[in-house]
Amino acid sequence: MRLRTIPLILGVFATLAPLSVAGAQSRRVQGISFSVDTSADMTPQGPGVVRPPAMRVTYAAGRGRVEILTRPKRGALKVGDVVVAPFLAAPGDYYLFDSTAFVLVRPTAKEFATFRLTDASFNYEGRRDGWPGMFRMGPTHIDTLTDRAEILVTYHGAYPMYWHADVGRDAECGISNCSVEELARGRATLADAPADQISIARWFGPAQALAELSGGIGRLVGKPVRVTTVSSITGMHPISDLRATTVESALLILPADFKEIAWPGFAGAPRAPVSSDSRKWRSLPR
């Protein structure tokens, strides 16, 4: 059986740098934040090969934000049948997301690119709604690719993700027999994107689920919370600095003068999508 990997990464959102949003009146909204580090995911085969960027993740008022802090240096890889080019996002870039789509924002260029999500849902009852009956568990063949990055980045496809968030026994326990409480379970599909975007999109569902947890997250602060994401390149990863916070609403809104572009690296490639509705990111959900 071959594993479609299982990551566990949540992120801590400590402080947010102020962001100027032309024409937007900012207000403070209640939410949650957490951090993700660049350590390798834990998988049944050992450490995962696609280490995530370091991120700060926040969710409030029906929308999330992921700030890219650092990213591991690596070449392009082929993990099983999936080609993973170097990350599109660089430190200083950020994402805005909800349960249907997300945008990669490049503030220095005042540009953003749109990606879609489908079939996103979660529950607090441990149901495996929409999950496969079983996952193939076994060694995954990994190759380092030497093709030019501008060619590799144009590989893209649809990638399902299945995840659950748990409280572990302690920060050091492994994959098996570690969970003492399951918090939420869900799924989503990255409709069409380069595979490196799985490392970002896998946090969207868990962030929303934690933010909407009945009674809030106060009882979880300081506990070893971890997220396991079964996908083509991920595994299990702990989160850190989970906490309730207040967020400036301007940080969750796309500035009015930012323009939409095709996915970075896809300027001349076929099917380089531009969204038909980018206006939703200019204001918070009603």
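Every read-out reported here was derived from the displayed coordinates using simple, explicitly stated rules and does not represent laboratory data. Predicted model, so just to flag it, every value in this text is computed and none were measured. Neighbour counts run over all protein chains shown; Cβ positions are idealised from the backbone, glycine included.
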### Task
Kindly provide the GluC sites (Glu not before Pro) of the stretch 158-244 that DSSP labels as loop, not H, G, I, E or B, and whose Cβ sees at most 10 other Cβ atoms within 10 Å.
172
### Task
Rounded to whole Hz and in sequence order, give me ³J(HN,Hα) for the stretch 161-175 from the Karplus expression 6.51 cos²θ - 1.76 cosθ + 1.60, θ = phi - 60°, writing x for Gly and Pro.
9, 10, 9, 8, 10, 9, 9, x, 4, 7, 6, 9, 5, x, 7
### Query
When 115, 258 are ordered from fewest to most other Cβ atoms inside 10 Å of their Cβ, what list results?
258, 115
### Task
Sum up the charges of everything whose Cβ sits under 12 Å from the Cβ of residue 256, counting Lys and Arg as +1 and Asp and Glu as -1, but leave residue 256 out.
+3
### Net charge, residue 130 excluded, C-beta distance under 12 Å - Lys, Arg +1, Asp, Glu -1
+2
### Query
Which listed residue (43, 92, 203) has the Cα farthest towards the positive end of the charge dipole for the stretch 28-280, taking +1 on Lys and Arg C-beta and -1 on Asp and Glu C-beta about the Cα centre?
92
### Query
How high is the FRET efficiency from residue 141 to residue 191, r the C-beta distance, R0 25 Å, rounded to 0.05?
0.45
### Query
Where nothing but the Cβ of Lys and Arg (+1) and of Asp and Glu (-1) is charged, how large is the charge dipole of the stretch 28-280 around its Cα centre, in debye to the nearest 20?
160 debye
### Query
Listing 156, 237 from the residue with the fewest other Cβ atoms within 10 Å to the one with the most, what is the order?
156, 237
#### Entry: Neighbour-count ranking [beta-carbon atoms within 10 angstrom, fewest first] of 263, 203, 163, 131
131, 263, 163, 203
### Summary
Applying the gyration tensor rule to the Cα atoms of the stretch 204-256 (axes a ≥ b ≥ c; rounded if a/c under 1.5, else prolate if a/b exceeds b/c, else oblate), the class is oblate
### Task
Can you spot the lysines whose alpha carbon is less than 18 Å from residue 280's alpha carbon? Ignore those fewer than 8 places along the same chain.
110, 259
### Query
With the Cα gyration tensor of the stretch 23-142 giving a ≥ b ≥ c as the square roots of its eigenvalues, does the rule (a/c under 1.5 for rounded; else a/b larger than b/c for prolate; else oblate) give rounded, prolate or oblate?
oblate
### Task
Please tell me the relative contact order of the stretch 28-280 in percent, rounded to the nearest whole number, where contacts are Cα pairs under 8 Å and at least six residues apart.
26 percent
#### Entry: Rounded, prolate or oblate (a/c below 1.5 giving rounded, otherwise prolate when a/b exceeds b/c) for the stretch 28-280 by Cα gyration tensor
oblate
